[in-house]
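Inspection log for the structure reproduced underneath, given as structure tokens.
The values are calculated or read from the model by the stated rules, or taken from the named source; none is laboratory data. Computed from a predicted model, the values in this text were never measured in an experiment. Every residue, glycine among them, receives a Cβ derived from its backbone with ideal geometry; neighbour counts consider all protein chains shown.
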Amino acid sequence: MEGTSIRQKLGAILEALYYPIMALLASFLIGSVIILLTSSTSPLEAYGYMFKGAFGSTAAWQDTIIKAIPFVFTALSFSVARRCGIINLGAEGQFIMGALFSTIVAVQLPLIADIPRFVHLPLTLIAGFLGGALYGLLVAVLKVQFGASELITTIMLNYIARYIISYAVNGPLMEPGQSSYPQSAPIPESSVLNPIVNGTRLHWGLIILVVCIIFYYFYQWKTTKGFEARIVGFNPSAGEYAGINIKAATLRSLFIAGGLAGLGGCVEMLAVQKRLMMTSFSVSYGFTGIAVALLGSLNPVGVLVAGILFGGLSAGSLSMEVVTDVRSSVALIIQAFVILFIAGRRMFTIKRKRHFRFHPVAQDEMGMPLPAPKKEDATAREEMPILESDLKDEDKTKGAK
């Protein structure tokens, strides 16, 4: 029995890995075709330089992980919402709002009062979380109260977030004396996320990310609210029948999802960018996070591994462009095809013929199943479902005769 259980678990793991691996292979194959058609470098040589730039040294690994951190944050955001049956395309806007809120608190609060680092930094992180969470909650309210599709509202709010950032860096948050290039004042040292170890580039945002991954696991699989969210995502009708408040689950899931994306924007701002600029969001962190979440099958460990892979693509493609004549945008094409292939994963499905036979079950007036019929009555029972009320009516008819 123990051997059978191990084989079943191994089979489940292999089945879960099948689609992501096939999607990656197909995407890299298409990337190879594009490289062959557009450059004089062979695909193997180009991918070799890409791999070396992503994982070939300690510095390359650090660069890969730093680039992966925002992708994993937005992937967690998408995963939390998707577990509740919500397609959150607004992680990009929530990420931006988290960066904006954290910048406001980081830059403006010291102008009001002299506060120590151990107070300033936590307040900045909380502001980043709330910035994304409230933006996600807005989507939830529109969905719950007015029936607005989250697909439409999240995409619209992404654009609005970018316009808000443009207004902020060109107006109230513009650095004094800086009129030629719109940007905020630099983040003060009291709210900067420093390296974990001096002499390295890995910052404390990595620790925050690990805490968020652990939170995601425990929330989804170890708490009642997470279980309710997964039930609603799997079958809303069953969840409603079981007494789960679907509106509350939706509000809660999008609040947490937005908060995780906002915290990602906050970490990126405090550890990497260190000032708010329009070019801070030239990388589509939110939409790349969707690819990471899908590639990781919404699993916390899978999302982390997929995030490192995409971080490697981002870091390695820049190194590849320096050494060869292949543009770094090939990595974006590969990422796009990963989304396409995983979304349409039936392309890789091995067709299995399965035969199902439906046997109606006898029910009483309350819809509860009656005891299993005796063997001699099985054929009669299989023909159609029989209600207990029908049997009573038949007995009354016979008595009248």
Spot the failing condition for residue 169; the list is (1) of a type outside the set (D, E, K, R); (2) buried (at least 20 other Cβ atoms within 10 Å of the Cβ); (3) more than 16 Å from residue 275 (Cβ to Cβ), and only one is missed. (3)
Hits in the stretch 246-299 - residues which are closer than 26 Å to residue 342 by Cα and among the β-branched types (Val, Ile, Thr): 250, 256, 283, 288, 290, 292
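Between 174, 156, which is assigned by TED's automatic domain parsing to the domain that holds residue 73, farther than 18 Å from residue 263 by Cα and modelled with pLDDT of 95 or more?
156
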Within the stretch 184-214, which residues are outside any helix (DSSP H, G or I), touching a residue at least 60 places away in the same chain (Cβ under 8 Å) and among the hydrophobic types (A, V, I, L, M, F, W, C)? 185, 187, 192, 193, 202, 204
Test residue 228 against the stated conditions and say whether it is surrounded by fewer than 14 Cβ atoms within 10 Å (Cβ to Cβ), more than 17 Å from the chain's Cα centre (by Cα), charged (D, E, K, R) and over 30 Å from residue 203 (Cβ atoms). no
Checked against (1) assigned to a helix (DSSP H, G or I); (2) over 19 Å from the mean Cα position of the chain (by Cα); (3) farther than 25 Å from residue 285 by Cβ, residue 243 satisfies every condition except (1)
Residues being free of Cβ contacts under 8 Å to residues at least 24 places away in the same chain and either outside the structural domain of residue 190 (by TED's automatic domain parsing) or of a type in the set (Val, Ile, Thr) (or both): count how many of those fall in the stretch 108-123. 2
Could you check the stretch 251-295 and list, in sequence order, the residues that are part of a loop (DSSP other than H, G, I, E, B) and either without any contact (Cβ under 8 Å) to a residue 40 or more places away in the chain or touching a Ser or Thr at 6+ places or on another chain (Cβ under 8 Å) (or both)? 275, 276, 282, 283
Going through the stretch 250-270 one residue at a time, which ones are surrounded by fewer than 24 Cβ atoms within 10 Å (Cβ to Cβ) and among the charged types (D, E, K, R)? 252
Within the stretch 279-313, the count of residues that are buried (at least 24 other Cβ atoms within 10 Å of the Cβ) and among the polar types (S, T, N, Q) comes to 1
Can you name every residue in the stretch 231-249 that is surrounded by 15 or more Cβ atoms within 10 Å (Cβ to Cβ), within 10 Å of residue 85 (Cβ to Cβ) and without any contact (Cβ under 8 Å) to a residue 40 or more places away in the chain? 231, 239, 246
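For the stretch 36-45, state whether one or more residues are in a helix (DSSP H, G or I) and buried (at least 24 other Cβ atoms within 10 Å of the Cβ). Before you say what the answer is, go through the steps one by one.
Just the residues of the stretch 36-45 that are in a helix (DSSP H, G or I), to begin with: 36-38, 43-45.
Now restrict to residues that are buried (at least 24 other Cβ atoms within 10 Å of the Cβ): none.
No, the conditions are met nowhere in the stretch 36-45.
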Among the residues of the stretch 56-115, write down those that are within 16 Å of the chain's Cα centre (by Cα) and among the polar types (S, T, N, Q). 74, 77, 79, 88, 94
Here is a list of conditions, (1) under 19 Å from the mean Cα position of the chain (by Cα); (2) at pLDDT below 95; (3) within 30 Å of residue 49 (Cα to Cα), and residue 233 meets all of them except one; can you say which number that is? (3)
